[in-house]
């Protein structure tokens, strides 16, 4: 069985200090690959080093929208300079977050477009974070697609069916986190039921968003198995086959990674 955690933060507090245990927990649940996501420049070296050390861990290079104000000097050239490392397979996470507005919205948009340019030039998938910013996220993605196509993924998808339709039409993939298992996530569950299985990935966003039955605990990549089980049941699909398909989708999108 293949099972991939397409988005986690192994170098964050709660996981970093017991990383060996966390990785073993994941492997014992059938997790065969993890994409370790960066959110600020100070993490890049650590995240790449982890991927160099662990053959089933891959790395991304990017700046989270919360961090856009703190990284005005991170442009496409700086992303490209780090993205050529053999263990770096994605650009991001990047995007727009209007829920917290930790960074100026114009600065977020500028950073987002710089990441898109890096994804277009490298062919590495763009890992998109969007919260309370559906309209601007879709508009920027559509505008940039007209300049030249690029692969991309909406991570931790919690948006509307309308937004899902827009990004799917643009060729994007959608990744589902443990939020879908929450009791108050009925709307997300309804949307997720109808997403095409050949565009679906599964993630934990660990150490955040631990799924049922682990709510309240520190999230781990091992818990991607619980989210996958929930999704398979929700969609009326066989669990093992669902794992195989979503893992295959990961390697189709993140083609620089080797299964």
Take the residues in the range 242-259 that are touching a helix residue (DSSP H, G or I) at 6+ places or on another chain (Cβ under 8 Å), at pLDDT 95 or above and over 12 Å from residue 5 (Cβ atoms), then tell me which one is surrounded by the most Cβ atoms within 10 Å (Cβ to Cβ). 249
Apart from one, (1) in contact (Cβ under 8 Å) with a residue 60 or more places away in the chain; (2) within 30 Å of residue 101 (Cβ to Cβ); (3) crowded, with 16+ Cβ neighbours inside 10 Å all hold for residue 83; the odd one out is (1)
When you go through 246, 227, 252 one by one, which is the residue that is in contact (Cβ under 8 Å) with a residue 40 or more places away in the chain, more than 23 Å from residue 64 (Cβ to Cβ) and assigned to a helix (DSSP H, G or I)? 246
Could you run through the range 1-37 and say how many residues are surrounded by 15 or more Cβ atoms within 10 Å (Cβ to Cβ) and closer than 15 Å to residue 218 by Cβ? 13
Restricting the range 53-80 to residues that are in contact (Cβ under 8 Å) with a residue 60 or more places away in the chain and closer than 11 Å to residue 37 by Cβ, which is nearest to the chain's Cα centre (by Cα)? 60
If you go through 75, 101, the only one that is in contact with a helix residue (DSSP H, G or I) (Cβ under 8 Å, 6 or more places away or on another chain) and surrounded by fewer than 20 Cβ atoms within 10 Å (Cβ to Cβ) is 75
Exactly one of (1) at positive phi; (2) surrounded by 16 or more Cβ atoms within 10 Å (Cβ to Cβ); (3) out of contact with any strand residue (DSSP E or B) (no Cβ under 7 Å at 6 or more places or on another chain) is unmet by residue 95. Its number? (3)
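Restricting to the range 189-207, name every residue that is part of a loop (DSSP other than H, G, I, E, B) and in contact (Cβ under 8 Å) with a residue 60 or more places away in the chain. Give the derivation first.
Start the filter on the range 189-207 by keeping residues that are part of a loop (DSSP other than H, G, I, E, B), which leaves 194-196, 203-207.
Matches in the range 189-207: 203, 204, 205, 206, 207.
The values are calculated or read from the model by the stated rules, or taken from the named source; none is laboratory data. Just so we're clear, the structure is a prediction, and the values are computed from it rather than from any experiment. Glycine gets a Cβ as well: all are built from the backbone with ideal geometry, and neighbour counts include every protein chain shown.
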